[in-house]
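Trainee: For reference, the structure I am asking about is given below.
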C-alpha cells in the first residue's frame, strides 16, 4: 500500500486489534505519531476497550448500539466486494481493528463510496459514542480525538451517490445494505 491514509488506517487496525501484542501496538503508536508511548496508557486502554464494562467496546455493533448480525453482514459484503478473505486467525468482521483494515483496503482500492459509508455508518459513530462515554480529558481522550481526526482526513469529495452492488449479490443490492 502506498496511500498515506490507507497506511494510517492499517496502523490504527494494529492498535485496535486484540490479536497483536504490546510491541505491535507500540510500533503502531509511533507510526501514527501519537504523543508519549503506548506503554503509558496500556492499562487504561484495556479498561476502555476490553474490560468487563468497557465504555468503548471494540465490537462496532456493541459500541454504537446497533444490530450485530446486520453490522457483521454489511462488513462481510465489504470484504467480498474488495476480494478479501480471512487469514488463519481472525476476529469478527465488526471488530474495530478489522473495520480499520477494511477501510484501508477500500482507500487503496479507490472506493470512495465504501470509504464514505464505513466512516459515516460505523467508525465516526463509534468515535462519538466512545468519546461521550469516556470521562476526563486524559491521554485516551486524545487517542480517540486523533483517531477521529485521521478519519476526518478521509472526508469524501466527489463520491457517487449510490453504493454499487457487490459482486455476486442480487442486482441493485447495496454493498453495505440498509
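The values are calculated or read from the model by the stated rules, or taken from the named source; none is laboratory data. Fair warning: this is a prediction, and the values are worked out from it, not measured in the lab. Positions of Cβ are generated from backbone atoms using ideal geometry, with glycine treated the same way; all protein chains shown enter the neighbour counts.
Trainee: Go through the range 135-146 and give me each residue that's assigned to a helix (DSSP H, G or I) and either farther than 16 Å from residue 7 by Cβ or touching a helix residue (DSSP H, G or I) at 6+ places or on another chain (Cβ under 6 Å) (or both).
Mentor: 139, 140, 141, 142, 143, 144, 145
Trainee: Need the failing condition index for residue 33 against (1) more than 18 Å from residue 152 (Cα to Cα); (2) part of a loop (DSSP other than H, G, I, E, B), just the number.
Mentor: All conditions pass for residue 33, except number (1).
Trainee: Inspect all residues belonging to the range 41-54 and state whether any of them is surrounded by fewer than 19 Cβ atoms within 10 Å (Cβ to Cβ), modelled with pLDDT under 90 and farther than 19 Å from residue 139 by Cβ.
Mentor: Among the residues of the range 41-54, at least one is surrounded by fewer than 19 Cβ atoms within 10 Å (Cβ to Cβ), modelled with pLDDT under 90 and farther than 19 Å from residue 139 by Cβ, which makes the answer yes.
Trainee: Here is a follow-up. Taking the condition within 28 Å of residue 43 (Cα to Cα) and modelled with pLDDT of 90 or more, does residue 106 pass?
Mentor: Considered against the rule, which asks whether it is within 28 Å of residue 43 (Cα to Cα) and modelled with pLDDT of 90 or more, residue 106 comes out as no.
Trainee: I'd like the full set of residues that are surrounded by fewer than 18 Cβ atoms within 10 Å (Cβ to Cβ) and either under 16 Å from the mean Cα position of the chain (by Cα) or under 13 Å from residue 75 (Cα atoms) (or both), limited to the range 122-143.
Mentor: 124, 125, 128, 131
Trainee: Just checking, which of 76, 114 is modelled with pLDDT of 90 or more, part of a helix (DSSP H, G or I) and more than 26 Å from residue 48 (Cβ to Cβ)?
Mentor: When all the criteria are applied, what remains is 114.
Trainee: Please identify the pairs in which a residue from the range 34-62 that is within 15 Å of residue 19 (Cα to Cα) has its Cβ atom under 6 Å from the Cβ atom of a residue that is in a loop (DSSP other than H, G, I, E, B), counting only partners at least 6 apart or on another chain.
Mentor: Partner pairs satisfying both residue conditions: 49/56; 49/58; 59/94.
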